[in-house]
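Enquirer: Just dropping this structure here.
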Amino acid sequence: MSPSPSSLTTRLGVLFAALLLVLSACAGSVESSAPTATPPAAVPTATAASTATPEPTASPSPVAAFPATLTDDEGTAVTIPAEPTKIVSLTPAVTETLFAVGVGSRVVATDDSSDYPAEAASLPDVVTFGTVDVEKIVALDPDLVIAGGAGFTSAESIAQLRGLGIPVLVVSTPSIDGIYKDIELVGTAVGEADAATELTTTMRAEMDAIASAATAESTKTAKPPRVFYDVGYIDATGQIYGPAEGSFLAEMVGMLGVDVIAGDKVTYEVPLETLISRDPEVIILGTNAFYTPTAETIAKRPGWSALSAIKSGDVRSVSDTEITRPGPRLATGMRNLALAMYPDLVLPPAS
């Protein structure tokens, strides 16, 4: 649940880890001096190297009563003594999920990237630029902490909290199906399994409908168009970032019925030579408050003028927070992504 930033190096690392949440939750991209999220907190910004987390092996079983023992995405059995009333969320996607299943009033603190819904933005931050304030969390006396895997939340912080007797559930997944399972896992952990299942059922139906419409549109061309989703770019080095191979972001772009140009599985990096060789026919720019590339600015990047998408002007922008944050608004992100790819696409009404 499973992929954002303020200072280029620090925020970039935090957000890329998020995109790896994979790309679990947050949102962002990377550019020059103001890297943005993802990756990987919930989008790719640039993180040095993250590791994809294991796929959840099974959907959580509804909990009829507490205490309950659940297995998180890292394979740890976590016992929750009673229905949580004071919850700390350490990722933006988890925060959104908690509010979406109806327990927002029980959330007592979040990370500094939790900006949705509006009520979440005003809650105390216990994570700043990826650094977890364990003392602050302990002082809140929570009965459940939900963290991000794949390095989004430091293993040391998780161990410290568990060592103090605080239940810590870790969520992180590289696939869309895994995102649904994580939403259900979080819902089960807080006693709202039915609400979570209702949410994922609606999300799945909407995502499938959008994918069906987009794929039908793609068949109108002789072959699937080659598409590059621009996750981030660092001016100083010319490093390019795209959806990591095997990530949920790459999966989402692929659901449009296109030929996805993906980045490295771990770093999200795409060598310029690879981008030129694959020659995208369409470039989609994932923008947010920290990353604001335009068709004009990317055309000036070294080597990019040779790309077919630049020559034809097939460069589209889309707000990437919902796209790269693995949470309840993923269907909204999928809708925006599909319309960026196919502006005239007719989609069923949003749920």
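Enquirer: Taking the Cβ of M334 as the center, what net charge do the other residues with Cβ under 9 Å away carry, scoring Lys and Arg +1 and Asp and Glu -1? Display every interim value, and only then the final one.
Expert: Working: positive: R335; negative: E206, E322.
Residues near M334 contribute -1 overall.
Enquirer: Also, quick follow-up: Order by neighbour count: S114, S351, S247, fewest other Cβ atoms within 10 Å first, most last.
Expert: S351, S114, S247
Enquirer: Once a ≥ b ≥ c are taken as the square roots of the eigenvalues of the Cα gyration tensor of the range 298-351, is the result rounded (a/c under 1.5), prolate (a/b larger than b/c) or oblate (a/b not larger than b/c)? Before the final figure, lay out each step's value.
Expert: Details: a/c = 4.88, a/b = 1.87, b/c = 2.61.
Oblate shape, in that a/c is at least 1.5 and b/c is the bigger or equal ratio.
Enquirer: Hey, another quick one. Would you tally the net charge around P117, using a Cβ to Cβ cut-off of less than 14 Å, leaving P117 out, and scoring K and R as +1, D and E as -1? Numbers along the way, then the final one.
Expert: Numbers: positive: R325, R329; negative: E96, D115, E119, E322.
Around P117, the surrounding residues sum to -2.
Enquirer: List the lysines whose Cα sits under 29 Å from the Cα of K86, skipping any in the same chain fewer than 8 residues away.
Expert: In chain and number order, the partners are K136, K181.
Enquirer: Pick out, from G187, F129, L144, the residue whose Cα sits farthest towards the positive end of the charge dipole of the range 68-199, with +1 on the Cβ of Lys and Arg and -1 on the Cβ of Asp and Glu.
Expert: Ranked along the dipole, the leading option is L144.
Enquirer: Compare the peptides 342-350, 136-144 by average per-residue count of other Cβ atoms within 10 angstrom and give them in order, highest first.
Expert: Numbers: 342-350: 11.3, 136-144: 17.3.
Ranking, from highest mean packing down: 136-144, 342-350.
Enquirer: Right, something else. If a/c stays under 1.5 just call it rounded; otherwise compare a/b with b/c (prolate if a/b is bigger, oblate if not). Do that for the range 68-199, with a ≥ b ≥ c from the square roots of the Cα gyration tensor eigenvalues. Don't skip to the answer; put the middle values down first.
Expert: Details: a/c = 1.27, a/b = 1.13, b/c = 1.13.
It is rounded, given that a/c, with a ≥ b ≥ c, falls under 1.5.
Enquirer: Specify whether the C-alpha gyration tensor of the range 159-227 places it in the rounded, prolate or oblate class, a ≥ b ≥ c being the square roots of the eigenvalues: rounded for a/c under 1.5, otherwise prolate if a/b is larger than b/c and oblate if not. Present the calculation step by step, with values, prior to reporting the outcome.
Expert: Working: a/c = 8.04, a/b = 2.23, b/c = 3.60.
Oblate.
Enquirer: Straight-line reach from K311: which lysines have a Cα under 20 Å away, not including same-chain ones fewer than 8 places off?
Expert: List returned: K223, K300.
Enquirer: What residue among L330, A309, V258 has its Cα farthest toward the positive end of the dipole of the range 242-351, where the charges are +1 on Lys, Arg and -1 on Asp, Glu, each on the Cβ?
Expert: So the residue we want is L330.
Enquirer: A further question on this structure: If the cut-off is a Cα-Cα distance under 20 Å, which aspartates and glutamates reach K220, setting aside same-chain residues fewer than 8 apart in sequence?
Expert: Within the straight-line limit of under 20 Å, K220 reaches these aspartates and glutamates: D208, D259, E281, D314, D344.
Each reported figure results from applying straightforward, stated rules to the coordinates on display, with no laboratory input. None of the values given here were measured: they were computed from a predicted structure. Note that each Cβ is placed from the backbone with ideal geometry, even for glycine, and that neighbours are counted across all protein chains shown.
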